[in-house]
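A.B. asks: Let me give you the structure first, and then I'll get to my questions.
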Amino acid sequence: MLTIIQNTFREALAKKIFIGYYIFYAIVILIMIFLVNMDSVEGVMSLADSKMLVHQVETGFLTISWNLIIFFSLISTASFIPSMLEKGTIDLLISKPISRPMILISKYLGAVLFVFLSMVFLMGSIWLILSLKSGYWDPTFLLSILWLTLAFAVMYSIVVIIGLTTQSTVVAILVNFFLIFVLCPLLSVREAVIFSLVTNETVKFVFDFLYYLFPKPGEFRDITTSLINGEQINMWKSSVNAETSTFTISWLSPISSVLFLLVTMAYSVYYFAKKDY
Amino acid sequence: MHVIETQNLYKEYTQKFSKQKVNALNDFTFNVEQGEIFGLLGPNGAGKTTLIKILLAITFPTNGSAKLFGTDVKNHKAKTKVGYLPENHKFPSYLTGEQVLKYYGQLSGMSAGTDMNKRIDEMLGMMNLTQWRNTKIKKYSKGMMQKLGLAQSMLSDPDLIFLDEPTDGVDPIGRKEIRDILAQIKSRGKTIFLNSHLLSEVEMICDRVAILNKGDLIKEGNVDDLTKAENIFAIHTVDTLTMDVKQKVLAIDGNAGIGEKEINTEAGIDKLNGIIDSLRSNGVKIQTVNQKTSTLEELFINVIKKDNTN
Ligand SMILES: Nc1ncnc2c1ncn2[C@@H]1O[C@H](COP(=O)(O)OP(=O)(O)OP(=O)(O)O)[C@@H](O)[C@H]1O
Ligand SMILES: [Mg+2]
C-alpha cells in the first residue's frame, strides 16, 4: 500500500502539469507578498485592526482562489487512474499479491496525500507571510488545508469513478469543471435565483434533490471562512438573516459530501474488483 | 499438489457494440507440475493471453475455476510466489530501470533494503542492463524493455513465472541468454509457464506443450513424445539389397519398409542400429542414414490445419 502511494507521488512529481501547478502556487504566494506589503506600510495598527485585516485578506483570498485551487489539484491528478488502467500496466499491478480494493484505495489516498502536502505548502506559505507581515498569529487559517483537502477528496472520488468507467482523463476533468463552476454554484443559490423564477414544485424538488445529492466544494469554503471569522455555523440547515442579509452555513454540506465520497468510492471499489482487464 | 490447476475454464467475451460473442476459451482443463517448463502454443487470437490473465485473476472466467499452488486464484494470496511478464508490458515511463525493479519488487512483497538491492544488481547484471540502471526507461529500446520486464518477473525469486512472449523483440544473442536463464531457473525447481509463437525456441526449452486453437485445447504432451511420434529413419545403401539381406532386416523389424536400395524403419534407435549392424556384417555399404523427425513447427501447422478443417 505504501509502495503504491509512494509511486503515486513519483508520478505526480514526474508530470509536467505538476510544474504548472507549483508555478501557479508560487505566483499566488508572490501576489500575496506584494499585496500584504501595501497594507502594512500604512502604519502601526492596533492588534484588533490587524486581526480584522488579516481575516479579511484570508477570507478574500479563499473566496477568490478556492475553486481554482481545487480544480488545479484535480487537473494535476486526474490522469492517475486512466494511466494506471493502461494495458500492460494494470495487468502487472493486478498480478501482484495485493487485493484490487487495496490497489484502488492506495491510488486514491496517494492522490489525496499529494494534494494535502501541496496545500500545506501553499496555505502554510500564505499563512506565514500574513502572520509575519501583520504580527498577528492565528492558526485558524491553517484549517483551510484540511478543508481544501477534504473538498478535493470528495471531488476526486468523481474523477476515480469516471476514470474507471471511461478510462478518460478529459471526461473526468470536464465533468469536474462543470460540477465545480456551474452546477454546484447554481445549486447553492437555487433558493435565491431559480426558485424565484419557477414555482413548479417538481422542479423545485429536483433542484433540492440535486443539491443534496452532489458534493458542494464551494460550501467547504464558506465553512472555512466562517471558522476563521469565528462566525456561527448551523447544525443542519443554512439560513439567511433577512435583516442583516448575512448567510449562515450549516454542517450539512460537508456531511452530505462525505457521504457522497463514501458511496462513490464504495461503488468504484466494487466496479474495479469485478472488471476484466 | 499441482502448481497450476484448471477446471473446465470457459471464457466468453462479448463485444461492446456488436454484441457478438467470442469464445476465447472452451472447456479448458489442464495441470502444470512443479519444475516444468510448460509452453502454450497457438495462433494469434487463440486465447493464450486470456488463459494467463485468468490464472492471475486479471480477467475472470465465465465458468470454471483455477488454482495456483492449491489456492483459488480469486484469493490474491495465490499470487504471492508468482512472477509475470505481460505481453506489451508498460512500466511507468518516469522511472529508471532500477526504480522499476524496486517498485515492482516491493509490490511483490519484497522489503526495501540491502537484500533487495543485491537482488536488483544481480538481475540487472544477468540481463546486461547494469549500465542502463539509472536511465529513464523512456529511453530504453524494445529489447531492453523486454529484458527489464523479464528481470522484473524474476526479481522476487518466485516459484512460478508466467511469461507472455518473453523473447519478443530480443535479438538472437539475447534470446540465447534468456533460454539459458530459464534453464537455470528450472534447475532450481521453479516452474515456468510460457506463451510463444517461436516454435523452435519452445522446442528447445519446454518440457511439455499444449496447443490451443480458437479456445480449444487440441493437443497436449511432452515435447519429446510429440515430435518423436513421427520418428522415421531412412537408410540408403550403395549396393542393391539381396533377398537374404532383406530377410535379415525383416527379422529385426517386421514392419520395415524395404526397397531396392532403401530401408525405412520406425522401430527406434536400437533396432535401427541392429539393422545397420546386420547390413554391415553382410558386406552392404551404407550411403546415408537420415532421421525424419517432425519439428514442433511441422506438428503445429498440421494440427492447426486439421483442426480448422474440422
Ligand atoms: N478484452 C477483450 N474483449 C473482447 N475480446 C477479447 C478481449 N481480449 C481478448 N479478446 C478476444 O479473445 C480471443 C483470444 O485473445 P488472446 O489475447 O487470448 O489471444 P492470444 O492467443 O494471446 O493471441 P496472440 O498470439 O495474438 O497474443 C481473441 O479472439 C480476442 O479477440
Ligand atoms: Mg497473446
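A.B. asks: Give me the distance in nm between label points sitting 7 Å out from Cα along the Cα-to-Cβ direction at B:Asn88 and B:Asp270, one decimal.
C.D. replies: Label-label distance for B:Asn88 and B:Asp270, simple model: 5.3 nm.
A.B. asks: Still on this structure: Can you tell me, using C-alpha contacts under 8 Å and at least 6 residues apart, the relative contact order of chain A as a whole percent?
C.D. replies: On the way: 273 pairs, mean separation 67.1, N = 277.
Dividing the mean separation by the residue count of chain A yields 24 percent.
A.B. asks: With the crude spin-label approximation of a point 7 Å out along Cα→Cβ, what separation in nm comes out for B:Asn128 versus A:Leu262?
C.D. replies: Distance between label points: 5.8 nm.
A.B. asks: Here is a follow-up. Give me the distance between the Cα centres of the stretch B:37-113 and the stretch B:222-296, rounded to whole Å.
C.D. replies: Centre-to-centre distance over Cα atoms comes out at 48 Å.
A.B. asks: Charges at C-beta only: +1 for Lys and Arg, -1 for Asp and Glu. How large is the resulting dipole of the protein assembly as shown about its Cα centre, in Debye rounded to 20? Provide the component values of the computation, followed by the final result.
C.D. replies: Details: 56 positive and 54 negative charges, 50 e Å.
Result for the protein assembly as shown is approximately 240 debye, rounded to the nearest 20.
A.B. asks: Of the options B:Thr167, B:Leu182, B:Ser196, report the single residue whose Cα projects farthest towards the positive end of the charge dipole of the stretch B:148-220 (beta-carbon charges: Lys, Arg +1; Asp, Glu -1).
C.D. replies: B:Leu182
A.B. asks: Mind pulling the angle between the C-alpha long axis of helix B:114-126 and the longest principal axis of chain B? Nearest 10 degrees, somewhere in 0 to 90.
C.D. replies: Roughly 40 degrees between the two axes.
A.B. asks: With +1 assigned to the C-beta of every Lys and Arg and -1 to the C-beta of every Asp and Glu, and no other charges, what is the dipole magnitude of chain A about the Cα centre in debye, to the nearest 20?
C.D. replies: Approximately 1020 debye in magnitude.
A.B. asks: Going down the list B:Lys16/B:Lys138; A:Lys107/B:Lys136; A:Lys275/B:Lys11; A:Lys87/B:Lys186; B:Lys81/B:Lys214, which pairs span over 25 Å between their C-alpha atoms?
C.D. replies: Numbers: B:Lys16/B:Lys138 33 Å; A:Lys107/B:Lys136 22 Å; A:Lys275/B:Lys11 14 Å; A:Lys87/B:Lys186 29 Å; B:Lys81/B:Lys214 30 Å.
Beyond 25 Å: B:Lys16/B:Lys138; A:Lys87/B:Lys186; B:Lys81/B:Lys214.
A.B. asks: Another question, if that's okay. Go through B:Thr6, B:Gly215, A:Ser157 and say which Cα lies farthest out towards the positive end of the charge dipole of the protein assembly as shown; charges sit on Cβ, +1 for Lys and Arg, -1 for Asp and Glu.
C.D. replies: A:Ser157
A.B. asks: Just check the stretch B:2-225 against the gyration tensor rule for me: Cα atoms, a ≥ b ≥ c as the square roots of the eigenvalues, rounded for a/c under 1.5, and otherwise prolate or oblate depending on whether a/b exceeds b/c.
C.D. replies: Working: a/c = 1.60, a/b = 1.50, b/c = 1.07.
The shape class here is prolate.
A.B. asks: Quote the FRET efficiency, to the nearest 0.05, computed for B:Lys16 versus A:Glu86 with a Förster distance R0 of 25 Å and r equal to the Cβ-Cβ distance. Don't jump to the answer; show the numbers that get you there.
C.D. replies: Values: r = 18 Å, r/R0 = 0.72.
For B:Lys16 and A:Glu86, the calculated efficiency is 0.85.
A.B. asks: Could you work out the percent of alpha carbon pairs in the stretch B:239-284 separated by over 18 Å, rounded to a whole number? Could you put the intermediate results ahead of the total?
C.D. replies: Details: 138 of 1035 pairs.
When every Cα pair of the stretch B:239-284 is considered, 13 percent fall beyond 18 Å.
A.B. asks: Between beta-carbons, use under 14 Å as the cut-off and find the net charge around A:Leu164, counting Lys and Arg +1, Asp and Glu -1. List each step's numbers first, then the result.
C.D. replies: Numbers: positive: A:Arg100, A:Lys107, A:Lys274, A:Lys275; negative: A:Glu86, A:Asp276.
Charge balance near A:Leu164 sits at +2.
A.B. asks: Ok, one more. For chain B, what does -39500 (n - 2.57) per DSSP helix run (n ≥ 4), summed and divided by total residues, give at 222 nm, in deg cm²/dmol to the nearest 500? Before the final figure, lay out each step's value.
C.D. replies: Numbers: 10 runs with 111 residues, N = 310.
Taking each H run of at least 4 residues, the total per residue is -11000 deg cm²/dmol.
A.B. asks: Something else now. Among A:Glu231, A:Glu201, A:Glu11, which one moves the most in a GNM of chain A with springs linking Cα atoms closer than 10 Å?
C.D. replies: Taking springs between Cα atoms under 10 Å, the residue moving most is A:Glu201.
A.B. asks: Neighbour counts of other C-beta atoms within 10 Å: give me B:Thr288, B:Thr130 arranged from fewest to most. Write down the numbers at each step before the final one.
C.D. replies: Values: B:Thr288 10, B:Thr130 14.
Neighbour counts put them in this order, fewest first: B:Thr288, B:Thr130.
A.B. asks: For B:Lys139, list the lysines whose Cα falls under 16 Å from its own Cα; do not include residues on the same chain fewer than 8 positions away.
C.D. replies: B:Lys90, B:Lys147
A.B. asks: Here's another thing I want to ask about it. Taking chain B as a Gaussian network, where each spring joins two C-alpha atoms under 10 Å apart, which residue of B:Asn282, B:Asn117, B:Asn44 fluctuates the most?
C.D. replies: Comparing B:Asn282, B:Asn117, B:Asn44 in a Gaussian network model of chain B, the most mobile one is B:Asn282.
A.B. asks: Round to the nearest 10 and give me the degree value, 0 to 90, for the angle of helix B:97-107's Cα axis relative to the longest principal axis of chain B.
C.D. replies: 80
A.B. asks: Can you tell me, using C-alpha contacts under 8 Å and at least 6 residues apart, the relative contact order of chain B as a whole percent? Don't skip to the end; give the middle numbers.
C.D. replies: Numbers: 541 pairs, mean separation 60.0, N = 310.
Relative contact order of chain B: 19 percent.
A.B. asks: Report, in debye and to the nearest 20, how large the dipole of the stretch B:19-73 comes out about its Cα centre when Lys and Arg carry +1 and Asp and Glu carry -1 on their Cβ. Don't jump to the answer; show the numbers that get you there.
C.D. replies: Numbers: 5 positive and 4 negative charges, 73 e Å.
It comes to approximately 340 debye.
A.B. asks: Ok, one more. For every helix of n ≥ 4 consecutive DSSP H residues, a contribution of -39,500 (n - 2.57) applies; sum these over chain A, divide by its total residues, and give [θ] at 222 nm rounded to the nearest 500 deg cm²/dmol.
C.D. replies: Working: 13 runs with 206 residues, N = 277.
Rounded to the nearest 500, the figure is -24500 deg cm²/dmol.
A.B. asks: Dipole of chain B (Lys/Arg Cβ +1, Asp/Glu Cβ -1, origin at the Cα centre): which of B:Asn308, B:Leu68, B:Val245 lies farthest to the positive side?
C.D. replies: So the residue we want is B:Leu68.
A.B. asks: Moving on to the next point. For chain B, give the share of DSSP beta bridges that are antiparallel, in percent and rounded to the nearest 5; count only bridges with both residues there. All intermediate terms of the calculation are to be shown ahead of the outcome.
C.D. replies: Values: 34 of 51 bridges.
Beta bridges within chain B, antiparallel portion: roughly 65 percent.
A.B. asks: Taking beta carbons within 10 Å but only from partner chains, what does the mean come to for residues A:93-104? Intermediate results must be reported in sequence, preceding the final value.
C.D. replies: Working: counts 3, 9, 18, 13, 12, 5, 4, 3, 1, 1, 2, 0.
Mean partner shielding for this stretch: 6.
A.B. asks: Kirkwood Rh over Cα pairs of the protein assembly as shown into Stokes-Einstein at 25 °C, 0.890 mPa s: D in µm²/s?
C.D. replies: Numbers: Rh = 29.2 Å.
Roughly 84 µm²/s, to the nearest whole number.
A.B. asks: Hey, can you list the DSSP H helices of chain A whose Cα span along the axis is 30 Å or longer and whose average Kyte-Doolittle score is at least -1.0? Don't skip to the answer; put the middle values down first.
C.D. replies: Numbers: long enough: A:16-40 (37 Å, 1.82); A:47-77 (41 Å, 0.96); A:100-134 (50 Å, 1.60); A:143-166 (34 Å, 2.15); A:252-274 (33 Å, 1.31).
In chain A, the long hydrophobic H runs are A:16-40, A:47-77, A:100-134, A:143-166, A:252-274.
A.B. asks: Fewest Cβ neighbours within 10 Å first, please rank A:Tyr277, A:Tyr25 accordingly.
C.D. replies: Ranking A:Tyr277, A:Tyr25 by Cβ neighbours within 10 Å, fewest first, gives A:Tyr277, A:Tyr25.
A.B. asks: Now, a different point. Where the centre of each part is set by its Cα atoms, how far does the stretch A:83-124 sit from the stretch B:5-29, in angstrom?
C.D. replies: If you average the Cα positions of each part, the centres end up 31 Å apart.
A.B. asks: Rounded to the nearest 10 degrees, what's the angle between the helix B:243-252 long axis and the longest principal axis of chain B, both from Cα atoms, 0 to 90?
C.D. replies: Helix B:243-252 sits roughly 40 degrees off the main axis of chain B.
A.B. asks: Under 1.5 on a/c is rounded, so check that first for chain A, then, if it is not, pick prolate when a/b is larger than b/c and oblate when it is not; a ≥ b ≥ c are the square roots of the alpha carbon gyration tensor eigenvalues. All intermediate terms of the calculation are to be shown ahead of the outcome.
C.D. replies: On the way: a/c = 2.41, a/b = 1.31, b/c = 1.84.
In terms of gyration-tensor shape, oblate.
Only the coordinates and a few stated rules stand behind these numbers; no lab work does. Computed from a predicted model, the values in this text were never measured in an experiment. Quick reminder, even Gly has a Cβ in these numbers, built from the backbone with ideal geometry, and neighbours come from all protein chains shown.
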